[in-house]
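The structure under discussion appears below in the form of structure tokens.
What follows draws every value from the coordinates through simple rules; no lab data is involved. Just so it is clear, the model here is predicted, and its values are computed rather than measured. Reconstructed Cβ throughout: ideal geometry from the backbone, glycine too, with neighbour counts over all protein chains shown.
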Amino acid sequence: MKILDRYILKSFITTFTTVFVILLLIFILQTVWLFISELAGKDLDVMLIVKFLLFKMPSLVPLVLPLSVLLASIMTFGDLAENYEFAAMKSAGISLQRIMKGLTLFIIFLSGAAFFFANNVIPYAEYKFINFRKEIAQMKPAMAIAEGQFSEVGSYNIKVNKKSGENGNFLTGVTIHKKTYSFDGSKNVIKAKTGELISSDKSSILQLVLNDGYYYEDLVPKKYEERKKLPFAKSSFKKYIINIDLTKLNANSEDDFQVKNTDKMLTLKELLYTVDSLNANYKKDVISISDNIYQRIGTTTSNFKSSNTNTNLKTDILSKYSNAEKANLLSIASNYATNNKFSIESYKSELDNKIETINEHWIAIYEKFVIALSCLLMFFIGAPLGAIIRKGGLGLPIVFAVTIFIIFHFVNTFGKKVAQENEISPFLGCWLSTMILLPLAILLTYRATNDIGLVNMDVILTPIHKFFKKIFPSNNE
């Protein structure tokens, strides 16, 4: 490696590392804010919080890495241009392509590492992150209940005055409001002096043992006059046990997330295998639903088609019946048609959900390649842009980098959302942002290579100057 390549590579790696660490810390703080309700006031020690963030950190890399490459490229090449180092290189006969050669090889290597990271590390970390949140509930069951406020735990709202013990399992001053789904407005309230949370790593059931308390239940009489008396039943107990499902300990449970988004926990090979299985199941479901619909309407595919072609065999069947019988038959037919319509809409919704699941897996496949190529794309946008604007540091480069990255991230998010809803293909949805920014990368590289500014003001000002010259001719002319 030549001295020039080592110098440029060293400058870029130093800037890239600094920017990457700073941006990663910023996104980690954002993650802490998103999960603050699960981390704050839940008696979690420092190591559990660190593990929580470490498992979440790899999923932030797809956001941080392209922005870091873009910003580091603009800053590095902006510094070289601002300090007239580019001018010295070009006077020595070194072109921009030669200057970028060593860094291009490094970015290609970085893109390969990003693909490996997205294909192996992120799925494993996502799996560990989701399961770790469930393990926290089993290791620290009291984390779901905060002191001095009502905490929603499954079908109960629980408030405790004080928690004690090593894991906060011993409760003092327990008040429980049990949720009811009846329309009569009845309420159930349980109050106890003390309580204890008992859980096991092998069981998904949490036992809440209450001691020395009362159970209140509203009674709703059938007669409206008696309801004004607000009758209720009260009973006391020495010991009362409530069994709570641990999966409902957290109001922000990831159960649905784990079921619907397992694509984020799979490698490329596993995703391709899963997509094949989902497509095969989808085709079977379509055939099964079609046969079911034909059976419900009392026909098959073949005679349904033949009935449409034989238009000459129409007969007025209702003419054989009286008006009362006609009305009855039409009412039955209308109800039958309505039931079939509801069934078809239900089947359609079911098939749409299956298509969305398939699209999610295709999006997960393309995302692994998008992450890798986005690094290369951002480099070929940032390096020429830095050479053109000739500004280093953290001023103007940040403005350009953030603007370009916001466009990239917004288009990428929008494309994936639309593709997931089957409005466009998953391929187009994932690569839309790259397709939009690729011409910008080519244009900037061309202009930087040929020493053309970011905006050629003569192209804009010359027509305006000619226009005003025609309207207001000078006296000399």
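Label I94 and I436 with points 7 Å out from Cα along Cα→Cβ: what is the distance between them in nm?
Between I94 and I436, the simple spin-label model gives 3.7 nm.
HN-Hα J couplings of region 356-365 from phi, Karplus 6.51/-1.76/1.60, θ = phi - 60°, integer Hz, Gly and Pro as x?
My calculation for region 356-365 gives 4, 5, 4, 5, 4, 5, 5, 4, 4, 5 Hz in order.
For the pair Q207/S334, report the inter-label distance in nm, with labels modelled 7 Å from Cα in the Cβ direction.
6.0 nm
Hey, with R₀ at 41 Å, roughly what FRET efficiency would I26 and F150 work out to, going by the Cβ-Cβ distance, to 0.05?
0.75
Could you tell me the center-to-center distance, by alpha carbons, between region 335-353 and region 63-132 in angstrom?
Here the answer is 52 Å between Cα centres.
At 7 Å along Cα-to-Cβ for each site, give me the label-to-label distance between A280 and K320 in nm.
4.9 nm
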